[in-house]
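The values are calculated or read from the model by the stated rules, or taken from the named source; none is laboratory data. Being a predicted model, the structure only gives us computed values, none of them experimental. Every residue, glycine among them, receives a Cβ derived from its backbone with ideal geometry; neighbour counts consider all protein chains shown. For accessibility, only protein heavy atoms count, side chains too; no ligands or nucleic acids. Shrake-Rupley method; radii C 1.70, N 1.55, O 1.52, S 1.80 Å.
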Amino acid sequence: MAQTITDATYSSIIGSGAPVVIDFWAEWCGPCRLMSPIIDELAAEYEGKVTVCKCNVDENDDTTTQFAIRSIPTIVFIKDGKQVDKQVGACTKEVLKAKIEALL
């Protein structure tokens, strides 16, 4: 299952050195709810290789603003502490897997 990332835990997760995937979502967002099981599956599949997190945009203004999130779901891919890719909107698991593989 994906970790929860918050404004308070952001720095420690990004600073871990591992590649990070952040799913920006909200409870009221239908496409976000469709993506949630896919994100959890990817977290399990890439455990130990990639840190997969979920960030609730309604509860974490600082992190949401830092990444200029304007639409959800938005999934951000981070390597060496820097954003290297982004997926805006719902997509297939295969699309996300390809982006994760590019991080490794």
In Å², nearest 10: area of Glu45 left accessible to a 1.4 Å probe: 80
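For an R0 of 22 angstrom, estimate the FRET efficiency from the Cβ-Cβ distance between Arg70 and Glu47 and round to the nearest 0.05. Could the numbers behind the result be given before it?
Details: r = 30 Å, r/R0 = 1.38.
Given R0 = 22 Å and the Cβ-Cβ separation, E is 0.15.
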Cys with no candidate disulfide partner in the chain (beta-carbon separation under 4.7 Å rule): Cys53, Cys55, Cys91
Total charge of the residues flanking Pro31 in space, meaning their Cβ is under 15 Å from its Cβ, with Lys and Arg +1 and Asp and Glu -1, is +2
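Please compute the length gained on full extension between Thr4 and Lys93, using 0.36 nm multiplied by the number of residues separating them and subtracting their Cα-Cα distance. Before the final figure, lay out the partial values.
Values: separation 89, 0.36 × 89 = 32.04 nm, distance 1.97 nm.
So the chain would gain 30.1 nm between Thr4 and Lys93.
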Considering the Cα trace of the chain, what is its radius of gyration and what is Dmax, both in angstroms? 12.1, 32
On the accessible surface of the chain, probed at 1.4 Å with all protein chains in place, carbon and sulfur together account for a percent value of 52
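Averaged per residue, what accessible surface does the chain expose to a 1.4 Å probe, in Å²? Display every interim value, and only then the final one.
On the way: 5480 Å² over 104 residues.
Normalised by residue count, the accessible surface of the chain is 53 Å².
Under a Cβ-Cβ cut-off of 15 Å, what is the net charge of the residues other than Asp7 that fall near it, where Lys and Arg count +1 and Asp and Glu count -1?
Overall, the nearby charge balance is -3.
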Summing -39500 (n - 2.57) over the DSSP H runs of n ≥ 4 in the chain and dividing by its residue number, what mean residue ellipticity at 222 nm do you reach, to the nearest 500 deg cm²/dmol? -10500 deg cm²/dmol
Once Lys and Arg are counted +1 and Asp and Glu -1 for all other residues with Cβ under 13 Å from that of Leu103, the total becomes +3
